[in-house]
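Every read-out reported here was derived from the displayed coordinates using simple, explicitly stated rules and does not represent laboratory data. Keep in mind the model is a prediction, meaning the values are calculated, not measured. Ideal geometry is used to build each Cβ from the backbone, glycine not excepted, and the neighbour counts take in all protein chains shown.
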């Protein structure tokens, strides 16, 4: 307890002010360079950090069908399922086209730059 009794925030502040006032100009430039380099490295690591998204499995549930369905009911259900499948395929084709266009734009830019 005796050790902490001698500590005071005002004495620490005046000691810090005295220490900083005795520094020469080149010390301040080195301090500024050290802060800039450290800040840049922290920014670079934070900017370049990449965390993969959490894996969420695509669960496919099996539908239970009644055994006494007629052929007409089966064909009607197949038409409904086919329409859903075509919509999903259209969305996938659209997404692939957008991705392909994005890569094409990137390729054109890199070609212009001579890379």
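Quick rundown of the values:
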{"quantity": "Estimated FRET transfer efficiency when R0 is 22 angstrom, pair residue 82-residue 61 (beta carbons, to 0.05)", "calculated": "0.70"}
{"quantity": "Cα gyration tensor shape for segment 57-115, rounded if a/c is under 1.5, else prolate or oblate", "calculated": "prolate"}
{"quantity": "Angle in degrees between helix 9-21 and the longest Cα principal axis of the chain, rounded to the nearest 10", "calculated": "80"}
{"quantity": "Equivalent-ellipsoid semi-axes of the chain, from the Cα gyration tensor, Å, largest first", "calculated": "69, 30, 8"}
{"quantity": "Sites residue 100 and residue 40 - FRET efficiency at Förster radius 30 Å, r taken between beta-carbons, to 0.05", "calculated": "0.25"}
{"quantity": "Segment residue 5-residue 30, length gained on full extension (0.36 nm per residue, minus Cα span)", "calculated": "5.5 nm"}
{"quantity": "Shape category assigned to segment 7-50 from the gyration tensor of Cα positions, a/c cut at 1.5", "calculated": "oblate"}
{"quantity": "Estimated [θ] at 222 nm from DSSP helical runs (n ≥ 4, -39500 (n - 2.57)) normalised by residues in the chain, nearest 500", "calculated": "-25500 deg cm²/dmol"}
{"quantity": "In nm, spacing of pseudo-spin labels at residue 22 and residue 115 (7 Å Cα→C-beta vector)", "calculated": "5.2"}
